[in-house]
Amino acid sequence: MKQRKPLVAGNWKMNGDTVFNDHLLGELRAGIERESMAALGIVVCPPYPYLAQVANRLAGSPIEWGAQNVCERPNGAFTGEVSASMLVDLGCRWVIVGHSERRQSMHETDDDVCAKLAIAAAHGLGVIACIGETLDERESGRTESVLGRQVDALARAAHDAQRGGDCAAPMPAERFVLAYEPVWAIGTGRSASAEIAQQAHAFIRSRLGALDGGGQATRILYGGSVKPGNARSLFAMPDVDGGLIGGAALIAEDFLAICGAAAACSSASTAR
Ligand code: 13P
């Protein structure tokens, strides 16, 4: 039985505008309230300029919201950056770090991603930390070495935050979330099969033993071409604790169906 509350997070990436967002958020709010998905955590992560709009539009809703990135420095002369304290000031609860698009196009390293995790945790933000191998790495048999390197670095940083680290309060186990996003599955329509996802998630969990709860408390989301048609089989896997959703998070009907699939898997596992 899964002991972890599933989480579905929408990463809007660099999409949306005020009119589009208003419509999407209205539909999501209504859908979540209609379906009553209390057994599920739901987060949406819009681009920075729309965080305040999303905060207003979701006030009083069970849907939480987060940012897609955070600066690893506290404040000061870093033109174009956004600090963890600014996110907290707006009421932000979550931040995504280490997305492969940033690792690739902004050349973010494991050290950069861990520094972002540390400062986010120090400010009480929940962290969704992304990992995943490229197609080339998978095809050349390096999936476990790549995932192992990424997870070990993040687990060390999360362990420090859980011990208190620079934090005002230690990071609770449920505020550190990993997202396994095989790069070859992102935006390609080619999701990992449920079996491949489970195999990767079990491997990732096996590296988390030093964390609070021995890694059993850490939610590991799957991301990469999750759609209403494949969500249920992915979320039914024992080590898949929800999803990080890109394209389908921009379509209210699809995102709600994916949330429904996660809620169904959660109540199915609780009923067993
Ligand atoms: P897609 O769901 O569009 O494949 O994107 C996944 C992703 O990158 C979420 O962070």
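The values are calculated or read from the model by the stated rules, or taken from the named source; none is laboratory data. Since the structure is predicted, the reported quantities are computational estimates derived from the model, not experimental observations. Cβ sites come from the backbone with ideal geometry, for glycine too, and all protein chains shown count toward neighbours. Ligands, DNA and RNA are stripped out before the accessible areas are found, and what is left, the full protein with its side chains, is counted by its heavy atoms. Shrake-Rupley method; radii C 1.70, N 1.55, O 1.52, S 1.80 Å.
Okay, residues lined up against (1) modelled with pLDDT under 95; (2) open to solvent by less than 50 Å² (accessible area, probe 1.4 Å):
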{"residue": "Met1", "(1), (2)": "yes, no"}
{"residue": "Leu25", "(1), (2)": "no, yes"}
{"residue": "Val54", "(1), (2)": "no, yes"}
{"residue": "Glu81", "(1), (2)": "no, no"}
{"residue": "Ile96", "(1), (2)": "no, yes"}
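For region 172-193, the set of residues classified as more than 10 Å from the ligand (Cβ to nearest atom), open to solvent by 10 Å² or more (accessible area, probe 1.4 Å) and closer than 13 Å to Leu234 by Cβ consists of Ser193 only.
Among the residues of region 56-77, the ones that are within 22 Å of Asp17 (Cβ to Cβ) and either surrounded by fewer than 13 Cβ atoms within 10 Å (Cβ to Cβ) or aromatic (Phe, Trp, Tyr) (or both) come to 3 in all. Residues in region 98-129 that are open to solvent by less than 40 Å² (accessible area, probe 1.4 Å) and either β-branched (Val, Ile, Thr) or in contact (Cβ under 8 Å) with a residue 60 or more places away in the chain (or both): 7 in all. Count of region 211-250 residues, restricted to those that are modelled with pLDDT of 95 or more, away from the ligand (no atom under 11 Å from the Cβ) and among the aliphatic types (A, V, I, L, M), is 5. Taken together, the criteria exclude Arg207 from residues that are closer than 30 Å to Ile251 by Cβ and surrounded by 15 or more Cβ atoms within 10 Å (Cβ to Cβ). If the condition is being part of a helix (DSSP H, G or I) and farther than 15 Å from His123 by Cβ, then region 52-100 contributes Ala52, Gln53, Val54, Ala55, Asn56, Arg57, Ser100. Being small (Gly, Ala, Ser), under 19 Å from the mean Cα position of the chain (by Cα) and away from the ligand (no atom under 16 Å from the Cβ) is the requirement here; does Gly98 meet it? No; evaluated as a whole, the condition is false for this residue.
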